[in-house]
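Okay, so here's the structure we're looking at.
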Amino acid sequence: MVSSIIVHGGAKTISKDKARANTAGCMAAVQAGWSILTGGGNAKDAVEAAIRVLEDNPTFNASIGATLDSDGEVFLDAAIMEGKTYGWGGVAAVQKVRHPISVARKIMENKSMLLVSKGAEQFAAERGDEMCAPSELISDEQRREWEEQEAVLDRPATVGCVALDDNGLLVAGTSTGGLANQPPGRVGDSALVGCGLYADNNLGACSTTGDGESIIPVVLAKTAIDFLVENRHPQQAAQMAIDKLASQVKGEAGCILLDHQGQVGWAYNSQDMAVAYMTAKMDKIAVFTKK
Ligand code: GLY
């Protein structure tokens, strides 16, 4: 077993002028998580730290720079799960929280549940999480695209991270602003255990990205984990999960996967996907916008 970390910045179309921002953002997230793992920290801390970096970066659709719904507002979803006790926590449809992944982590440490809207914001405020005005999450680029209702090919997408620490703990996390122009009240897959993320220390852990309406009916994260049986390599399992999605429903999706040994897999059926990873067997971070 080797400690490992993998992050994604979403399954999407990445235009040439945004490729560098995507790779730099994913590398910074891996660095944040990897320094925790190599410093003796656990996979929960590593996943939270990596996703906080992605949430701070307007290149991605999570917290700052998230896409706007049809009313021109930002609503955020996030969840985290660990594979030893199957503990998990999630938030959905929150507006006043700066780092939804950290609120999800606190819920997981308290009692596994999914908190939405005002209840999640109240939980966050009571525990001293960083709060913000909803308008602080809206980037100039997302505001302009919404106001002009531009047909944009390379919108930002969901972020996620999976890590395995020295003690064999597997953790997955996912954070998103949902879909651009989504109807008010819509919640996608990202905060749903089994769909947007899953972790099982006996097999592996997975974070997904893409169209929630396609990911949910194929329970994409759990499907990818289930394909890890009989020591199947995570690369093959990830591809099988995306192939299953593509054969059963329409829509774009991607997934990142670690198995319980720290082997890496990822697959997608969108045009591009931003991914970076590092393991104890590597001497530098691998980073991609395409396979
Ligand atoms: N995968 C993000 C969403 O559908 O909301």
Looking only at segment 87-103, count every residue that is under 14 Å from the mean Cα position of the chain (by Cα), farther than 14 Å from G128 by Cβ and without any contact (Cβ under 8 Å) to a residue 60 or more places away in the chain and tell me the total. 1
Taking I14 as the residue in question, decide whether it is more than 14 Å from the chain's Cα centre (by Cα), more than 19 Å from C206 (Cα to Cα), hydrophobic (A, V, I, L, M, F, W, C) and assigned to a loop (DSSP other than H, G, I, E, B). yes
Would you mind finding the one in D243, D259, D226, D283 that is more than 15 Å from the ligand (Cβ to nearest atom), in contact with a Pro (Cβ under 6 Å, 6 or more places away or on another chain) and among the charged types (D, E, K, R)? D259
Mind telling me which of the residues N61, N110 ends up being at pLDDT 95 or above and open to solvent by less than 10 Å² (accessible area, probe 1.4 Å)? N61
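Would you call G177 within 16 Å of P156 (Cβ to Cβ) and near the ligand (Cβ under 9 Å from one of its atoms)?
On the way: within 16 Å of P156 (Cβ to Cβ): yes; near the ligand (Cβ under 9 Å from one of its atoms): yes.
Spelling it out, G177 is indeed within 16 Å of P156 (Cβ to Cβ) and near the ligand (Cβ under 9 Å from one of its atoms).
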Filter segment 211-230 for residues that are touching a Leu at 6+ places or on another chain (Cβ under 8 Å) and outside any helix (DSSP H, G or I); the one that is surrounded by the most Cβ atoms within 10 Å (Cβ to Cβ) is L228
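Look at L164 and say whether it is open to solvent by less than 10 Å² (accessible area, probe 1.4 Å), within 16 Å of the ligand (Cβ to nearest atom) and of a type outside the set (S, T, Y).
Details: open to solvent by less than 10 Å² (accessible area, probe 1.4 Å): yes; within 16 Å of the ligand (Cβ to nearest atom): no; of a type outside the set (S, T, Y): yes.
Considered against the rule, which asks whether it is open to solvent by less than 10 Å² (accessible area, probe 1.4 Å), within 16 Å of the ligand (Cβ to nearest atom) and of a type outside the set (S, T, Y), L164 comes out as no.
Of everything in segment 197-210, what is open to solvent by less than 10 Å² (accessible area, probe 1.4 Å) and within 16 Å of the ligand (Cβ to nearest atom)? Give them in sequence order.
Applying the first criterion (open to solvent by less than 10 Å² (accessible area, probe 1.4 Å)) to segment 197-210 yields 197, 199, 204-209.
If the condition is that a residue be open to solvent by less than 10 Å² (accessible area, probe 1.4 Å) and within 16 Å of the ligand (Cβ to nearest atom), then L197, C206, S207, T208, T209 are the ones that fit.
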Hey, does segment 167-174 have a residue that's buried (at least 20 other Cβ atoms within 10 Å of the Cβ), at pLDDT 95 or above, within 16 Å of the ligand (Cβ to nearest atom) and over 28 Å from K281 (Cβ atoms)? no
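The values are calculated or read from the model by the stated rules, or taken from the named source; none is laboratory data. This structure is a prediction, so every number in the text was calculated from the model and none was measured. No Cβ is skipped: glycine too gets one built from the backbone with ideal geometry, and neighbour counts run over all protein chains shown. Ligands, DNA and RNA are excluded from the accessible area calculation, which covers all protein heavy atoms including side chains. Shrake-Rupley method; radii C 1.70, N 1.55, O 1.52, S 1.80 Å.
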